[in-house]
Amino acid sequence: TQERTLVLIKPDAVARGYVGEILARIERKGLRLAALELKVAPNEVAQQHYAEHEGRPFYPSLLEFITSGPLVAAVVEGPRAVAAFRQLAGGTDPVEKAIPGTIRGDFGLETQENLVHGSDSVESAEREIALWFPAL
Ligand code: CMP
């Protein structure tokens, strides 16, 4: 049974030149790219994407960061794709939670600038895919 997840390669990862490395890890795992786009996130999309964090102390800074430059949005497909990509990404805090061998564990130092986003459930994935890829 196939599942879809929404992946963002965040502006820090694009600026540091990790797009190819991250896409390669996704493909090596056996997941499939179903949609792929490089763009600067419009404010409205960023706000809706992070709506659940509205009111948190880091929310304004998070919006500024995620809209600060081009990011890569992707729809990634495969069996248990949601959990599979979260395993590749590692925990949210690249130092305290993500272990070496994961994207964040290998390349990250900051909780905000943590290279990638992956949907946290199938329901979130469907909502986020509709937001980033309305044509899909
Ligand atoms: P992401 O998986 O995209 O989901 C929410 C994002 O908010 C998270 O990755 C981090 O980039 C950011 N974030 C979560 N917690 C914190 C925090 N305590 N301080 C700063 N940024 C955070």
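The values are calculated or read from the model by the stated rules, or taken from the named source; none is laboratory data. All values derive from a computational prediction rather than experimental measurement. Neighbour counts run over all protein chains shown; Cβ positions are idealised from the backbone, glycine included.
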Looking at region 108-120, can you tell me whether even one residue there is within 19 Å of Leu136 (Cβ to Cβ), modelled with pLDDT of 95 or more and among the charged types (D, E, K, R)? no
Could you tell me whether Glu113 is closer than 19 Å to Asp12 by Cα, in a strand (DSSP E or B), in contact (Cβ under 8 Å) with a residue 60 or more places away in the chain and under 13 Å from the mean Cα position of the chain (by Cα)? no
Take the residues in region 86-107 that are hydrophobic (A, V, I, L, M, F, W, C) and either within 13 Å of the chain's Cα centre (by Cα) or more than 18 Å from Lys10 (Cα to Cα) (or both), then tell me which one is nearest to the ligand (Cβ to nearest atom). Ala89
Would you mind finding the one in Ala46, Ala73 that is in contact (Cβ under 8 Å) with a residue 40 or more places away in the chain and under 14 Å from the mean Cα position of the chain (by Cα)? Ala73
Are any of the residues in region 1-10 part of a loop (DSSP other than H, G, I, E, B) and surrounded by fewer than 17 Cβ atoms within 10 Å (Cβ to Cβ)? yes
Considering only residues that are surrounded by 14 or more Cβ atoms within 10 Å (Cβ to Cβ) and of a type outside the set (Ser, Thr, Tyr), look in region 55-69 and name the one that is nearest to the chain's Cα centre (by Cα). Ile66
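Each row is one residue, and each column tells you yes or no for (1) within 13 Å of the ligand (Cβ to nearest atom); (2) farther than 14 Å from Leu6 by Cα.
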{"residue": "Pro60", "(1), (2)": "yes, yes"}
{"residue": "Leu109", "(1), (2)": "yes, yes"}
{"residue": "Ser119", "(1), (2)": "yes, no"}
{"residue": "Ala130", "(1), (2)": "no, no"}
Considering only region 48-81, state which residues are within 24 Å of Gly20 (Cβ to Cβ) and out of contact with any Leu (no Cβ under 9 Å at 6 or more places or on another chain). Phe65, Thr67, Ser68, Gly69
When the residues of region 11-31 are filtered to those that are over 14 Å from Ser68 (Cβ atoms) and among the aliphatic types (A, V, I, L, M), which remaining residue is surrounded by the most Cβ atoms within 10 Å (Cβ to Cβ)? Ile26
I'm trying to understand the selection: among the residues of region 37-50, which are surrounded by fewer than 16 Cβ atoms within 10 Å (Cβ to Cβ), in contact with a Ser or Thr (Cβ under 7 Å, 6 or more places away or on another chain) and in a helix (DSSP H, G or I)? Asn43
Picking from Ala83, Ala34, Ala74, the residue that is on the phi < 0 side of the Ramachandran plot, more than 13 Å from the ligand (Cβ to nearest atom), assigned to a strand (DSSP E or B) and surrounded by fewer than 18 Cβ atoms within 10 Å (Cβ to Cβ) would be Ala34
